[in-house]
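Just below is one structure, and these are the notes that go with it.
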Amino acid sequence: MQSDPEGTDNKRQIKGKASLRFLFLILSMPWPKFNKGERRRITIFLSSLAAAVFLWLFYALSNKYTYPLTFAIQWTDIPQKQEYSALQADSVYAKIEGSGWQLIFSKSIALTNV
């Protein structure tokens, strides 16, 4: 069954226009005017919220995690006289363990040639 590329593009355009209209509606709303005390309270609340999110993220990424990976095997420079069985797996399963920070910033997860 063939997909209709023109139909999907049309749906994306309609969805994009709707989201732009929504954004324009939000930005064109009248914003409430706050006095100095209310602005200070809102600033303190938002700063506390940002600090709490940062501390939670820091704590959560300090824990140990196990990340499962499946790598596809790409055979290169195969000798002409060598034959490989079709029963061999064409992928390798691995589990990587480390802290959240190590897993996020590790370049080993982004391996392309294994």
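Please count how many residues of the stretch 25-50 are open to solvent by 100 Å² or more (accessible area, probe 1.4 Å) and aromatic (Phe, Trp, Tyr).
Residues flagged as open to solvent by 100 Å² or more (accessible area, probe 1.4 Å) and aromatic (Phe, Trp, Tyr) within the stretch 25-50 amount to 2.
For residues that are in a helix (DSSP H, G or I) and not β-branched (Val, Ile, Thr), tally how many sit in the stretch 26-49.
The total comes to 12.
Going by the structure shown, is Phe22 open to solvent by less than 100 Å² (accessible area, probe 1.4 Å) and either modelled with pLDDT under 85 or touching a Leu at 6+ places or on another chain (Cβ under 9 Å) (or both)?
No: the conditions fail for Phe22.
The values are calculated or read from the model by the stated rules, or taken from the named source; none is laboratory data. Predicted, not measured: the structure shown is a model, and the values here were computed from it. Please note: Cβ atoms are built from the backbone with ideal geometry, for glycine as well, and neighbour counts cover all protein chains shown. Heads up: the accessible areas ignore ligands, DNA and RNA and are worked out on the full protein's heavy atoms, side chains in. Shrake-Rupley method; radii C 1.70, N 1.55, O 1.52, S 1.80 Å.
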